[in-house]
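Novice: Take a look at the following structure, please.
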Amino acid sequence: MTSTPNCAAAFELASEQYASIGVNVKAALSMLSNIAVSVHCWQGDDVVGFESDARALGDGLAVTGNYPGRARNADELRSDLRLAYSLIPGKHRLNLHALYGDFETPADRDEIEVSHFQGWIDWARDQQISLDFNPSFFSHRNASDGFTLAHSDPGIRQFWIDHGIACRKIAAAMGAEQGNPCINNFWVPDGYKDTPANRRQPRERLADSLDAVFAEPLATDHTLDAVECKLFGIGSESYVVGSHEFYMGYAMSRNKVLCLDAGHFHPTEVISDKISSVLMYLPQILLHVSRGVRWDSDHVVTFTDELQAIMQEIVRGGYLQRVNIGLDFFDASINRVAAWVIGTRNVLKALLAALLEPVDLLQKAEAEGDYTTRLALMEEQKTMPLGAVWDYYCESTGVPSGSQWLTNVRHYEDSISADRSEIAPSII
């Protein structure tokens, strides 16, 4: 698909304006087209999953809203994802949680196998999409008191260790099939609502459990283990076992990928400032791009200052090959497909804005102590014609520009998802 005449003309003018400050727009678009964002499956069904007993959400998670059209099974979720991908420029990944298998025969978390995800593997191959994965340490009877891998009961700990081991095997199979590493991210919600009397022992148990999960070496060209930190959660306001300091030390000492979630820190703390620090000591990191609002960590990603700062740090630091970008938000108060599209397009738009910066000029001015020029260029950049370049990129890749994509979502909603009831049909 080619761009419309007006879009192409605006793009040419924008390219000339960027060229005047030394920015090659076509080179920036070429770089952007090679960046794959890992789109999270759980926005499509409110983190319910497809286990046979349809466990209720809990253990530090909450999805608010009752917008109609929630995906009730894997086929509906895959249909929704196909639409979302068709409205997002570029080729992107899919991030699956372990509770999204095809469980025709019930299987507990410690019993899941590659066969439960073969449908996703086949679908991803047909769609030319690569997969990432996550164990699901929540919404389960063995997580009802808020503890899993750090539980004081050895039997419950072993159940979750076995779940983690099973998930690593599934992730490795996914990576072997797709020909690139499946990032397998471990987020463990364990913690206390009120002040603990012993912070040490749960962390010792968590480290021992993780060591048991990761004991078997797996090919790094098939899967990479990531560990994700959090400051607090619902039900763990006073103490989360897997804090930032815990997982930073664990990742460094065990050669794991560190996951930084934009909504997992204090509201006055940002992950954009952490990227260059952790990459001094780790070969790569995983980002969960989200939007925290007060105590909630997972609002739909918008074009905020922090989102732009995250992408600027990645580009300015030359980290594009060392940062894996994924999404993590869930909102049931708006159309779920639209939420995917809005969030992912904003991430890509922020990446484009960063790629269109005159980085060499900015860093040269800084190195020379010319902070006046640095500030002036940064401020002028804010009114450069990003929108014209973005619209051209969308149209040239066969994706609607502006808000035109919303028409596709509304048509899909009226013709398909609006007919879904809250009771899921049998999965055959």
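The values are calculated or read from the model by the stated rules, or taken from the named source; none is laboratory data. Treat the numbers as computed from the prediction; the structure is a model and nothing was measured. Reconstructed Cβ throughout: ideal geometry from the backbone, glycine too, with neighbour counts over all protein chains shown.
Novice: Only one of GLY369, GLY317, GLY343, GLY326 is among the small types (Gly, Ala, Ser), surrounded by fewer than 20 Cβ atoms within 10 Å (Cβ to Cβ) and within 23 Å of ASP261 (Cβ to Cβ); which?
Specialist: Testing whether each residue is among the small types (Gly, Ala, Ser), surrounded by fewer than 20 Cβ atoms within 10 Å (Cβ to Cβ) and within 23 Å of ASP261 (Cβ to Cβ) leaves just GLY317.
Novice: Tell me, which residue of segment 1-43 that is aliphatic (A, V, I, L, M) and over 30 Å from the mean Cα position of the chain (by Cα) is surrounded by the most Cβ atoms within 10 Å (Cβ to Cβ)?
Specialist: ALA14
Here's the yes/no breakdown for (1) surrounded by 14 or more Cβ atoms within 10 Å (Cβ to Cβ); (2) closer than 22 Å to MET311 by Cβ; (3) in contact with a helix residue (DSSP H, G or I) (Cβ under 9 Å, 6 or more places away or on another chain):
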site	(1), (2), (3)
CYS229	yes, yes, yes
SER243	yes, no, yes
ASN255	no, no, no
LEU258	yes, yes, yes
ASP273	no, yes, yes
VAL278	yes, yes, yes
HIS288	yes, yes, no
VAL293	no, yes, no
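Novice: For segment 404-416, how many residues meet the condition of being hydroxyl-bearing (Ser, Thr, Tyr) and either in contact with a His (Cβ under 8 Å, 6 or more places away or on another chain) or at pLDDT 95 or above (or both)?
Specialist: Count: 2.
Novice: Could you list, in sequence order, all residues of segment 148-173 that are free of Cβ contacts under 8 Å to residues at least 60 places away in the same chain and crowded, with 24+ Cβ neighbours inside 10 Å?
Specialist: Scanning segment 148-173 gives THR148, TRP160, GLY164, ALA171.
Novice: Going through ASP53, ASP46 one at a time, which residue ends up being surrounded by 18 or more Cβ atoms within 10 Å (Cβ to Cβ), under 30 Å from GLY191 (Cα atoms) and either of a type in the set (Ser, Thr, Tyr) or modelled with pLDDT under 95 (or both)? Full working, then the answer.
Specialist: On the way: ASP53 fails: surrounded by 18 or more Cβ atoms within 10 Å (Cβ to Cβ).
So the residue among ASP53, ASP46 that is surrounded by 18 or more Cβ atoms within 10 Å (Cβ to Cβ), under 30 Å from GLY191 (Cα atoms) and either of a type in the set (Ser, Thr, Tyr) or modelled with pLDDT under 95 (or both) is ASP46.
Novice: Counting just the residues of segment 96-132 that are among the hydroxyl-bearing types (Ser, Thr, Tyr) and in contact (Cβ under 8 Å) with a residue 24 or more places away in the chain, which one comes out farthest from ALA172 (Cα to Cα)?
Specialist: TYR100
Novice: Exactly one of these conditions fails for SER276: (1) more than 18 Å from PHE138 (Cβ to Cβ); (2) of a type outside the set (A, V, I, L, M); (3) in contact with a Lys or Arg (Cβ under 8 Å, 6 or more places away or on another chain). Give me its number.
Specialist: (3)
Novice: Which one of these does MET384 not meet: (1) assigned to a helix (DSSP H, G or I); (2) at pLDDT 95 or above?
Specialist: (1) is the only condition that MET384 fails.
Novice: Just to check your reading of the model, which residue among ASP419, ASP331 is modelled with pLDDT under 95 and within 29 Å of ASN134 (Cα to Cα)?
Specialist: Selected residue: ASP331, the only one of ASP419, ASP331 that is modelled with pLDDT under 95 and within 29 Å of ASN134 (Cα to Cα).
Novice: Answer yes or no: is there a residue in segment 121-133 that is among the aromatic types (Phe, Trp, Tyr), within 23 Å of LEU77 (Cα to Cα) and outside any helix (DSSP H, G or I).
Specialist: Taking every residue of segment 121-133 in turn, at least one turns out to be among the aromatic types (Phe, Trp, Tyr), within 23 Å of LEU77 (Cα to Cα) and outside any helix (DSSP H, G or I).
Novice: Right, something else. Answer yes or no: is there a residue in segment 390-398 that is among the β-branched types (Val, Ile, Thr) and under 19 Å from VAL25 (Cα atoms).
Specialist: Start the filter on segment 390-398 by keeping residues that are among the β-branched types (Val, Ile, Thr), which leaves 397.
With under 19 Å from VAL25 (Cα atoms) added as a condition, the list becomes 397.
So far as segment 390-398 goes, yes, one or more of its residues are among the β-branched types (Val, Ile, Thr) and under 19 Å from VAL25 (Cα atoms).
Novice: Just checking, which of ILE342, ILE325, ILE271 is under 20 Å from LYS230 (Cβ atoms) and without any contact (Cβ under 8 Å) to a residue 60 or more places away in the chain?
Specialist: ILE271
Novice: If I go through segment 103-120 residue by residue, how many of them are hydrophobic (A, V, I, L, M, F, W, C) and closer than 17 Å to ASN73 by Cα?
Specialist: Going residue by residue through segment 103-120, those that are hydrophobic (A, V, I, L, M, F, W, C) are 103, 107, 112, 114, 117, 120.
In the following step, the residues that additionally are closer than 17 Å to ASN73 by Cα were identified as 103, 107, 117, 120.
Qualifying residue count for the region: 4.
Novice: Within segment 221-232, does at least one residue satisfy the condition of being of a type in the set (Val, Ile, Thr) and under 20 Å from the mean Cα position of the chain (by Cα)?
Specialist: Taking every residue of segment 221-232 in turn, at least one turns out to be of a type in the set (Val, Ile, Thr) and under 20 Å from the mean Cα position of the chain (by Cα).
Novice: Tally the residues that are of a type in the set (A, V, I, L, M), out of contact with any Leu (no Cβ under 8 Å at 6 or more places or on another chain) and assigned to a helix (DSSP H, G or I), restricting the search to segment 15-38.
Specialist: Step one: filter segment 15-38 for residues of a type in the set (A, V, I, L, M), giving 19, 21, 23, 25, 27-29, 31-32, 35-37.
Subset that is out of contact with any Leu (no Cβ under 8 Å at 6 or more places or on another chain): 19, 27, 36.
Then keep just the ones that are assigned to a helix (DSSP H, G or I); that gives 19, 27.
Result for segment 15-38: 2.
Novice: Also, quick follow-up: Step by step: first the residues of segment 147-193, then only those that are of a type in the set (Ser, Thr, Tyr) and assigned to a loop (DSSP other than H, G, I, E, B), then the one that is farthest from ASN134 (Cα to Cα). Which residue is that?
Specialist: The residue in question is SER152.
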